[in-house]
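The values are calculated or read from the model by the stated rules, or taken from the named source; none is laboratory data. Note that this is a predicted model, so its numbers are computed, not measured. Positions of Cβ are backbone-derived with ideal geometry, glycine not excepted, and every protein chain shown enters the neighbour counts.
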There are 4 protein chains.
Amino acid sequence: MQALSQTNVNRARLLITCADRPGVVAAVSQLLYEQGANVVDSDQHTEPDDLRFFMRLEFDLPGLQERLPALEQSFRPVAERFGMQWQLTPAARVKRMAVFVSKQDHCLQELLWLLKKSELAAHIPLVVSNHPDAREVVAPFGVPLHHVPVTPDTKAQAEAEVLELMRTHQVDLIVLARYMQILSAGFIERFGRPIINIHHSFLPAFVGANPYAQAHARGVKLIGATAHYVTAELDAGPIIDQDVHRVGHRDAVADLVRIGRRVERTVLARAVAWHLEDRVLLHGNKTVVFA
Amino acid sequence: MQALSQTNVNRARLLITCADRPGVVAAVSQLLYEQGANVVDSDQHTEPDDLRFFMRLEFDLPGLQERLPALEQSFRPVAERFGMQWQLTPAARVKRMAVFVSKQDHCLQELLWLLKKSELAAHIPLVVSNHPDAREVVAPFGVPLHHVPVTPDTKAQAEAEVLELMRTHQVDLIVLARYMQILSAGFIERFGRPIINIHHSFLPAFVGANPYAQAHARGVKLIGATAHYVTAELDAGPIIDQDVHRVGHRDAVADLVRIGRRVERTVLARAVAWHLEDRVLLHGNKTVVFA
Amino acid sequence: MQALSQTNVNRARLLITCADRPGVVAAVSQLLYEQGANVVDSDQHTEPDDLRFFMRLEFDLPGLQERLPALEQSFRPVAERFGMQWQLTPAARVKRMAVFVSKQDHCLQELLWLLKKSELAAHIPLVVSNHPDAREVVAPFGVPLHHVPVTPDTKAQAEAEVLELMRTHQVDLIVLARYMQILSAGFIERFGRPIINIHHSFLPAFVGANPYAQAHARGVKLIGATAHYVTAELDAGPIIDQDVHRVGHRDAVADLVRIGRRVERTVLARAVAWHLEDRVLLHGNKTVVFA
Amino acid sequence: MQALSQTNVNRARLLITCADRPGVVAAVSQLLYEQGANVVDSDQHTEPDDLRFFMRLEFDLPGLQERLPALEQSFRPVAERFGMQWQLTPAARVKRMAVFVSKQDHCLQELLWLLKKSELAAHIPLVVSNHPDAREVVAPFGVPLHHVPVTPDTKAQAEAEVLELMRTHQVDLIVLARYMQILSAGFIERFGRPIINIHHSFLPAFVGANPYAQAHARGVKLIGATAHYVTAELDAGPIIDQDVHRVGHRDAVADLVRIGRRVERTVLARAVAWHLEDRVLLHGNKTVVFA
C-alpha cells in the first residue's frame, strides 16, 4: 500500500457496505467522476454467501476540503437508494488514538516509534495505564501518561474516569497494547468507537489468560498473535490480522514470551495501520481487509 | 479467490490497461451496468510512477454467450476513447495449455493432479518433452506426450516441429515445467502467446544453470523459486510469483533440490492458476497481480 | 537433513531418553567409540522444567549388520545404569507403513509420490480405506488397497479386520491420511505402535469435524494443518509439526479446503519423514524433534 | 533457545571445529565429565563434502570461574590431538559490542530496546556514527555516541580514529546497523574480530547500493534482508541469517523501504543474538548455526 497517502490534502477514502445490487459500482463511480474526483485505487468484493457488497475507493479531488460538504450531500441520495453504510474520510484527517497499556510496554513502544517514523498516520493525545511503569517509555515522545489504577472494587469508577478522558481528548480509536484489564460491556458500549486489542495467541486457540503457558503445555510448533476488534465477548471479536512464528522443543515459556513479543508488535502495528488508513470493513463478526 | 468461477457460464472477466484519466472507472462500470452486467469483484490500481491504470473486473451477465459480441461492440468505443489495451474473457472459456518438461517431472505431476482435482481451469492437449521419461507420468491422465529430442544441431528443426504442434493444438499458453532447453528468441516471437517458466531460485539471485549448487556454495539460508513470463533474455522476464523455504547447514545440495521441488511446485501452480483466471497484467517488465 | 541416509548400510541411529545425569553423553560416546563407530550427527537437549534428557546420534559402523547384536549387548548395561529408554535402528531398515484414507486422496497421493521419488524411506505394504475410491490412485504404484467399510454397527468388526491386516503385513506405523473414521481406544492400544494423523486445522483451534467451516465462520486470517500422534483423546495427541497459510475475505470455505490441501500435504509429508528417520522423541504429550 | 542462559554463572559454551575423526565426541565428553561438568545442550554436525566436524556444547560446572583455567589446561592436549580450533566462553562473560550507524536508526533502536529488555546479552560501550543524528536515540539508554565524520579525503584518518576507539573500549564485536560507509580491508584486518553487517536485500541478489530501488525495478514479489560477517569483498561474507517479506504491485519503493525496515530489524537482531550466544561457527565462507 502507498505509505503516507495522508500527506495529500486532496485525497479521500470512501468505504461502502450494502446489499449487492446491479449498478452500485456504476452509480458511485459516475458520481465521483461528475464531482471531478479521480479514483487512484479501488477494491471491491461481493460475499457470495450473503451477497453483501463491500467497496473501498481512494480518490483525489482538487480543493477537497472546501468541496467535501457538497460531495457528501450529492452522495447521500445514492447511498440511500442502495441502502449503503458508508464513510467518507479525507486522508489528511488523522485519527486520534489512545493507547492502553499495563506493565508490558513492547507494543506501546513499537507504536510510538512507528508514529515518529511517520509509518503510522495517527495522533496519540494520551496513553492510559493501570500501572505507572510506562512513564519512562512515553516521556521521550512527549505523550502524557494517565495512570488509572484498577482494582476489583474501583473498576467501575476507573472506567468512568477513562471514559471521561476519551471524551475530553476526542479519541477516535482505542488500542489495547497488552492492557491486562478486561473492559466491561458497558464501557465498550458507551465508548461506541472501535477498540483494537492484541491477543498473544493464534485465536481461537488459547483464549483467556497465559496463552504462552497454554501453548507450551500443548506443545504447539507455532505461536501466534491476533489483532481484533473488541466486543463484549472476551477474545471473540472480528479478527483483523494474525501471524505466527515457528518454535521448537528448545523453547521454554520464557522463549515463547520473547519470540511472541515480536509477533505481537508486528501484527498489532499492521492492524492499526490498516484501520488508520480505512482499510478494514466489518462483516458481521468478520472483517474485510482491503490491504 | 473463488475457486472454479469458470463453472458459471454467465461470468466474464475484463482486464484493462491504459493511461490514467478521470472517468475511466465510471465509463466502464456505467457501460457494464447498462448492458445488464453485475460486477461481483473488481480490483484497480494506478501506478504512481507513470500514472498507468490497471483494472480487473469480474461480472455476471445473464445469457453471456449470446450477448458477448454485442457487449464487445459496445465496449470498443469506450476502449478507444481511453486508449485501452483490454481483454474480455468468459470464465467458461478454458485456456489450452501445453506443458514442456525434461527429466524432472514433479512440476508436471503437480499440474496434472491439480487439473484432475479441478483446482486449475485448463485443458492440456499435449505435453512436450525432449526426453521420453515423462510418458509414465502422463499416461494415467490420458494426455499425449510428444517426444521432441533436441540437440545443438537439430534445435532449429525441433523448435519448428514444436511450433507446428502448438499451432495444430491451438495452444494459448506454454508452461515450462522444468524444461531444460532454452527457447530461442525466434520461437518466443513466432509463438506470440504467453510462456510461463519456473526457475529454481529466488531471481535475480542465481540466474542460469545449477542454481541449487550456486545457492549451496554461497551459503544462503533461504532457497526459492520464481515463476515468470519468458522473454528473449534468459531468466529476466516479468516475475509472477516467488516463494522461499528456510535451509541450514545440515542441508546438502541434494536436500536443497528436494526442498526446492516443493517450492517450485507451489509457486508454479499458483502462478499458472492466476494466469488461467486472468489475474496477471503486464506493466513493462513487471506484473500487476490481482489475486 | 541429509536425504536418504538409509542407503548407507553401515549407518545407524540411536535415540535416548532418560533423567538427566552427569556422564550420560560421555558414557554413550565413549562406548560408541570403543565399538568403532564414528558419530556423524548428534543432537541433544535437556528439558529444564523436569531435567529430562533427550539425544539422537547418527553414526557409521563398518560391518554394522553383523556387529549390531554385539553393539546392543554392550549398550544394555549403559542404558540400565542411566535408566534409559532407547532405540537403535539401522538406517537401512526401512519402516513398514500402512496408509489409511477415506474419499480425499491428496495426502495419500503425496506420500506415494514422495516414496517413488525416494524422498520418503518407507515400504507401503497396503493402503486401507473405508471407501473404494482410492483404488485408481494406488494402482500406478502397485500398492494393494484393502477396502474395509465402516458403519456404526460394524465398527468393532472392521477394526478387528484392520488389526489383523496390520499384523499380517507387520506394519510399524499407521498414517491417517485424511481417514475420516475415529479409531477406538481399544484399536490404538492393541496396535501398540505409532499412528500419525493429519488434522486439517491449527490445533488446538478447531478440534473435531469441519475445521475449515469453523475457521471460515470465525474469520481467521491463517488456516493450518497439524500432524500429531494419535492417542485415545481426539485431536489431542503429541504434535509433530504444524504450518499455516494466509487467507482473506475473498476465500470461501471451498478455497480454504483447496489451500488447506497443500498445507496438509506439506505438513504430513514432513512429519512422516521425520518419524521414518527416527527424529521424533516423545516427552509426555509433547515431542522433541531433532530435525 | 533458552533466553538469558548467561545469568547462570556456572554455565559455559564450548565451540569446536576440526577434521572429523573417530573418537572426538567421546574424548570431549569424557573430559568434561571427568572435570565435573554436566552437558545441558549439545549439537554437532559433520559436513559430508569435506568431512569437517563442528560442535557446540553448553554445560554447567560448579565453581566455573575458579576452575576455568584448569579446565582449559586439561582441554589443550585433547584439542591438539584432534587439531581443533576451539573457543571456551563462560555464558556470564558478556561481549562488548560497538554499533555503527549512519542516518537510518531503526536497527540501532531495535538493538538498544532488546538490550534493555535483556533479550540480548551484550554490553554496548559506544555507538559510532558518521552523522550526529542518532544522538537523540542513544541518549535515553545512556550510551555515548562518537560522531566520526567520513569524507573521501579523511577516510583513512577516520578509520584510524575508530580503530583507536575500538581498542580503548575493548570491543569484541562491531555491528554495522545500516552504517553507510564501506570499511577498508585494512580496517577489517587490523580490527581482527567479528563484524556483522545487515544488508537490505536477499543476498546475493541486489549487491551494493539502493537494493530496494533495484528490487522495485526488477519487480520481485519478496524483499529481504541478510545479516552476514564482513569480509574484504563487499556484501560477500558468510551469511548468518536471512528473511523475506511478501510485496506486491501496490508497493512503491518507499513501501519496500518501510516493510524492509522490519525485516532488517528482525534479521539483524536474530543474527546478533546467535553470535552473542556463541551459536555461529565459520566454515569457509559459510556458517554453521547451532540455533
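Look at the range D:110-129 and say how many of its residues are under 17 Å from A:Leu112 (Cβ atoms) and free of Cβ contacts under 8 Å to residues at least 40 places away in the same chain. Lay out the reasoning, then the answer.
The initial filter retains those residues of the range D:110-129 that are under 17 Å from A:Leu112 (Cβ atoms), namely D:110, D:112-114, D:116-117.
If we keep only those that are free of Cβ contacts under 8 Å to residues at least 40 places away in the same chain as well, we get D:112-113, D:116-117.
Total meeting the criteria: 4.
Taking the residues in the range B:5-44 that are closer than 19 Å to A:Asp20 by Cα, assigned to a strand (DSSP E or B) and of a type in the set (Gly, Ala, Ser) as candidates, determine which candidate is nearest to the other protein chains (Cβ to nearest Cβ).
B:Ser42
Residue check, C:Gln109 against (1) assigned to a strand (DSSP E or B); (2) among the polar types (S, T, N, Q); (3) under 27 Å from C:Phe191 (Cα atoms), all met but one. Which one?
Tallying (1) assigned to a strand (DSSP E or B); (2) among the polar types (S, T, N, Q); (3) under 27 Å from C:Phe191 (Cα atoms), C:Gln109 fails exactly one: (1).
Among the listed residues B:Ala213, B:Ala225, B:Ala205, B:Ala217, identify the single one that is facing another protein chain (nearest Cβ under 10 Å) and in contact (Cβ under 8 Å) with a residue 12 or more places away in the chain. Before you say what the answer is, go through the steps one by one.
On the way: B:Ala213 fails: facing another protein chain (nearest Cβ under 10 Å); B:Ala225 fails: facing another protein chain (nearest Cβ under 10 Å); B:Ala217 fails: in contact (Cβ under 8 Å) with a residue 12 or more places away in the chain.
Step by step, each of B:Ala213, B:Ala225, B:Ala205, B:Ala217 is checked, and only B:Ala205 is facing another protein chain (nearest Cβ under 10 Å) and in contact (Cβ under 8 Å) with a residue 12 or more places away in the chain.
Considering only residues that are hydrophobic (A, V, I, L, M, F, W, C) and surrounded by fewer than 17 Cβ atoms within 10 Å (Cβ to Cβ), which ones fall in the range B:89-109? Walk me through how you get there before you give the answer.
The initial filter retains those residues of the range B:89-109 that are hydrophobic (A, V, I, L, M, F, W, C), namely B:91-92, B:94, B:97-101, B:107-108.
B:Ala92, B:Val94 - these are the residues of the range B:89-109 that are hydrophobic (A, V, I, L, M, F, W, C) and surrounded by fewer than 17 Cβ atoms within 10 Å (Cβ to Cβ).
Scan the range B:141-192 for residues that are surrounded by 13 or more Cβ atoms within 10 Å (Cβ to Cβ) and at positive phi and jot them down.
The one that is surrounded by 13 or more Cβ atoms within 10 Å (Cβ to Cβ) and at positive phi: B:Arg178.
Does any residue in the range A:130-148 that is in a strand (DSSP E or B) come within less than 8 Å, Cβ to Cβ, of a residue that is of a type in the set (S, T, N, Q) six or more places away or on a different chain, and which pairs are these?
What qualifies is A:Leu145/A:Ser129; A:His146/A:Ser129; A:His147/A:Ser129; A:His147/A:Asn130.
Does the range A:231-260 hold any residues that are in contact with a helix residue (DSSP H, G or I) (Cβ under 6 Å, 6 or more places away or on another chain) and either outside the structural domain of A:Ser201 (by TED's automatic domain parsing) or under 18 Å from C:Ile223 (Cβ atoms) (or both), and which are they?
Result: A:Ile240, A:Asp241, A:Asp243, A:His245.
Going through the range B:48-103 one residue at a time, which ones are β-branched (Val, Ile, Thr) and under 25 Å from the mean Cα position of the chain (by Cα)? Please lay out each step first, then the result.
In the first step, residues of the range B:48-103 are kept if they are β-branched (Val, Ile, Thr); the result is B:78, B:89, B:94, B:99, B:101.
Those that are β-branched (Val, Ile, Thr) and under 25 Å from the mean Cα position of the chain (by Cα): B:Thr89, B:Val94, B:Val99, B:Val101.
Between C:Val288, C:Val263, which is within 19 Å of the chain's Cα centre (by Cα) and part of a helix (DSSP H, G or I)? If you could, list the steps in order and put the result at the bottom.
Values: C:Val288 fails: part of a helix (DSSP H, G or I).
It is C:Val263.
This table checks each residue for (1) of a type in the set (D, E, K, R); (2) over 30 Å from B:Asp241 (Cβ atoms).
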| site | (1), (2) |
| --- | --- |
| D:Glu136 | yes, yes |
| D:Val143 | no, yes |
| D:Asp153 | yes, yes |
| D:Arg190 | yes, yes |
| D:Gly208 | no, no |
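Consider C:Phe100 carefully, then state whether it is part of a strand (DSSP E or B) and either modelled with pLDDT of 95 or more or of a type in the set (A, V, I, L, M, F, W, C) (or both). Show your work before the answer.
Values: part of a strand (DSSP E or B): yes; either modelled with pLDDT of 95 or more or of a type in the set (A, V, I, L, M, F, W, C) (or both): yes.
The answer is yes for C:Phe100.
Going by the conditions given, is A:Arg52 under 26 Å from A:Val272 (Cα atoms), outside the structural domain of A:Arg262 (by TED's automatic domain parsing), surrounded by fewer than 21 Cβ atoms within 10 Å (Cβ to Cβ) and in contact with a Gly (Cβ under 9 Å, 6 or more places away or on another chain)? Even if it seems obvious, please write down each step before you answer.
Details: under 26 Å from A:Val272 (Cα atoms): yes; outside the structural domain of A:Arg262 (by TED's automatic domain parsing): yes; surrounded by fewer than 21 Cβ atoms within 10 Å (Cβ to Cβ): yes; in contact with a Gly (Cβ under 9 Å, 6 or more places away or on another chain): yes.
Answer is yes for this residue.
Within the range A:217-247, take every residue that is assigned to a loop (DSSP other than H, G, I, E, B) and in contact with an Asp or Glu (Cβ under 9 Å, 6 or more places away or on another chain) and give me the one that is surrounded by the most Cβ atoms within 10 Å (Cβ to Cβ).
Restricting attention to the range A:217-247, the residues satisfying the condition of being assigned to a loop (DSSP other than H, G, I, E, B) are A:219-221, A:230-238, A:247.
If we keep only those that are in contact with an Asp or Glu (Cβ under 9 Å, 6 or more places away or on another chain) as well, we get A:221, A:232, A:247.
On the way: A:Lys221: 26, A:Ala232: 13, A:Val247: 20.
Checking each candidate, the answer is A:Lys221.
Taking the range D:46-59, which residues are farther than 14 Å from D:Leu15 by Cα and either modelled with pLDDT of 95 or more or among the aliphatic types (A, V, I, L, M) (or both)?
Quick first cut of the range D:46-59, residues farther than 14 Å from D:Leu15 by Cα only: D:47-51.
Within the range D:46-59, just D:Leu51 meets the criteria.
For the range C:158-188, which positions are without any contact (Cβ under 8 Å) to a residue 40 or more places away in the chain and of a type outside the set (A, V, I, L, M, F, W, C)?
Correct list: C:Glu159, C:Glu161, C:Glu164, C:Arg167, C:Thr168, C:Ser184, C:Gly186.
One line per residue, one yes/no per condition, for (1) within 11 Å of chain A (Cβ to nearest Cβ); (2) farther than 20 Å from B:Pro22 by Cβ; (3) touching a residue at least 12 places away in the same chain (Cβ under 8 Å):
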| position | (1), (2), (3) |
| --- | --- |
| B:Thr46 | yes, no, yes |
| B:Asp50 | no, no, no |
| B:Leu61 | yes, yes, yes |
| B:Glu66 | no, yes, no |
| B:Ala70 | no, yes, yes |
| B:Gln73 | no, yes, no |
| B:Val78 | no, no, yes |
| B:Gly83 | no, no, yes |
| B:Trp86 | no, no, yes |
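Of all residues being modelled with pLDDT of 95 or more and under 20 Å from A:His200 (Cβ atoms) in the range A:129-149, which is farthest from the other protein chains (Cβ to nearest Cβ)? Just the residue, please.
Here the residue is A:Asn130.
Suppose we filter A:Ala236, A:Ala254 for residues that are among the aliphatic types (A, V, I, L, M), over 13 Å from the mean Cα position of the chain (by Cα) and within 9 Å of chain C (Cβ to nearest Cβ); which single one remains?
Details: A:Ala254 fails: within 9 Å of chain C (Cβ to nearest Cβ).
None of the others qualify; the one that does is A:Ala236.
Tell me, yes or no, whether the range A:116-128 has at least one residue that is crowded, with 20+ Cβ neighbours inside 10 Å, farther than 30 Å from A:Phe59 by Cβ and modelled with pLDDT under 95.
no
Out of everything in the range D:257-291 that is of a type in the set (A, V, I, L, M) and facing chain B (nearest Cβ under 9 Å), what residue ends up being surrounded by the most Cβ atoms within 10 Å (Cβ to Cβ)?
Quick first cut of the range D:257-291, residues of a type in the set (A, V, I, L, M) only: D:257, D:259, D:263, D:267-269, D:271-273, D:276, D:280-282, D:288-289, D:291.
Imposing the further condition that a residue be facing chain B (nearest Cβ under 9 Å) reduces the set to D:281, D:288-289, D:291.
Values: D:Leu281: 22, D:Val288: 24, D:Val289: 20, D:Ala291: 16.
That would be D:Val288.
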